[in-house]
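Colleague: To start, I am sharing the structure in question, which I have written as structure tokens.
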């Protein structure tokens, strides 16, 4: 087994990043890589991935309850109605990452999400970039930071008015929502999404 996997006290193999911190372990075991096919869920994850840009995911995950409270549970309709007073309120909120550009982008992305409803919606757009073939990473170094599909997805999202959605952020979104499976071969979670089989 690769040294990038650690067998926990429960006998289950996880990647290094999910092996020690209880919060990250729970996230890995129960949520990361599972299919998200609804508008609300995808908008939340897209928003959080954008806030993560340049930071560690653990920081964002610890602040997720604060983000949900500050951004009306990531209801796109509610966030789309935010105005400059909301931006100023959010910049004073210690429960979130206080970055004006990312806050403004999230509000704009909510509006772009609503606009997409006339053309199939955010889930149809994002899942339309699912690759034809699965990945088979045996080490963390085998996992790319972007792909041809994430480059194309980022380009299309930007064309639709979304911001803070570069190819790396788009790939992280695809990983988190099951569109690609980057669970390491040998991990107890490989194939758990049902989108990709464990043995391919």
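Colleague: Do we find a residue being in a loop (DSSP other than H, G, I, E, B), surrounded by fewer than 18 Cβ atoms within 10 Å (Cβ to Cβ), without any contact (Cβ under 8 Å) to a residue 40 or more places away in the chain and under 19 Å from the mean Cα position of the chain (by Cα) anywhere in segment 119-126? Full working, then the answer.
Modeller: Going through segment 119-126, the residues in a loop (DSSP other than H, G, I, E, B) turn out to be 120-121.
Checking which are surrounded by fewer than 18 Cβ atoms within 10 Å (Cβ to Cβ) leaves us with 120-121.
Still in the list and also without any contact (Cβ under 8 Å) to a residue 40 or more places away in the chain: 120.
Filter again for under 19 Å from the mean Cα position of the chain (by Cα), leaving none.
No, that holds for no residue.
Colleague: Could you grab me the full set of residues in segment 89-103 that are outside any loop (DSSP other than H, G, I, E, B) and surrounded by fewer than 17 Cβ atoms within 10 Å (Cβ to Cβ)?
Modeller: Scanning segment 89-103 gives 89, 91, 100, 101.
Colleague: From (1) more than 14 Å from residue 112 (Cβ to Cβ); (2) under 16 Å from the mean Cα position of the chain (by Cα); (3) surrounded by fewer than 18 Cβ atoms within 10 Å (Cβ to Cβ), pick out the condition that doesn't hold for residue 169.
Modeller: (3)
Colleague: What number of residues in segment 3-16 are surrounded by 14 or more Cβ atoms within 10 Å (Cβ to Cβ), without any contact (Cβ under 8 Å) to a residue 40 or more places away in the chain and either under 16 Å from residue 138 (Cα atoms) or within 22 Å of the chain's Cα centre (by Cα) (or both)?
Modeller: 1
Colleague: While we're on this one: What number of residues in segment 52-71 are closer than 17 Å to residue 145 by Cα and either in a helix (DSSP H, G or I) or over 12 Å from the mean Cα position of the chain (by Cα) (or both)?
Modeller: Total satisfying the criteria: 5.
Colleague: Right, here's the next one. Looking at 113, 182, can you tell me which residue is touching a residue at least 12 places away in the same chain (Cβ under 8 Å), surrounded by 17 or more Cβ atoms within 10 Å (Cβ to Cβ) and more than 19 Å from residue 14 (Cα to Cα)?
Modeller: Answer to the check: 113.
Colleague: How many residues, within segment 73-95, are within 23 Å of the chain's Cα centre (by Cα) and more than 21 Å from residue 162 (Cα to Cα)?
Modeller: 3
Colleague: Moving on to the next point. Got at least one residue in segment 63-71 being modelled with pLDDT under 95 and farther than 19 Å from residue 175 by Cβ?
Modeller: To start, the set of residues in segment 63-71 that are modelled with pLDDT under 95 comprises none.
No, every residue in segment 63-71 fails to be modelled with pLDDT under 95 and farther than 19 Å from residue 175 by Cβ.
Colleague: Let me ask something additional. Residues in segment 1-31 that are out of contact with any strand residue (DSSP E or B) (no Cβ under 7 Å at 6 or more places or on another chain), part of a helix (DSSP H, G or I) and more than 30 Å from residue 109 (Cβ to Cβ): how many?
Modeller: So in segment 1-31, the residues out of contact with any strand residue (DSSP E or B) (no Cβ under 7 Å at 6 or more places or on another chain) come out as 2-3, 9-12, 17-18, 20-24, 26-27, 29-31.
Add one more test, that the residue is part of a helix (DSSP H, G or I), and what stays is 17-18, 22-24, 26-27, 29-30.
This time we only want the ones that are more than 30 Å from residue 109 (Cβ to Cβ), so: 22.
Total meeting the criteria: 1.
Colleague: Is there a residue being surrounded by fewer than 14 Cβ atoms within 10 Å (Cβ to Cβ) and in contact with a helix residue (DSSP H, G or I) (Cβ under 7 Å, 6 or more places away or on another chain) anywhere in segment 131-154?
Modeller: Yes; the residues of segment 131-154 include at least one that is surrounded by fewer than 14 Cβ atoms within 10 Å (Cβ to Cβ) and in contact with a helix residue (DSSP H, G or I) (Cβ under 7 Å, 6 or more places away or on another chain).
Colleague: Determine, yes or no, whether residue 127 is within 30 Å of residue 107 (Cβ to Cβ) and out of contact with any helix residue (DSSP H, G or I) (no Cβ under 7 Å at 6 or more places or on another chain).
Modeller: When the stated conditions are applied, residue 127 passes them.
Colleague: Would you mind telling me which numbered condition in (1) over 15 Å from the mean Cα position of the chain (by Cα); (2) assigned to a loop (DSSP other than H, G, I, E, B); (3) closer than 21 Å to residue 198 by Cβ residue 34 fails?
Modeller: Condition not satisfied by residue 34: (1).
The values are calculated or read from the model by the stated rules, or taken from the named source; none is laboratory data. Predicted model, so just to flag it, every value in this text is computed and none were measured. For neighbour counting, all protein chains shown are included, and Cβ atoms are generated from backbone atoms with ideal geometry for every residue, glycine included.
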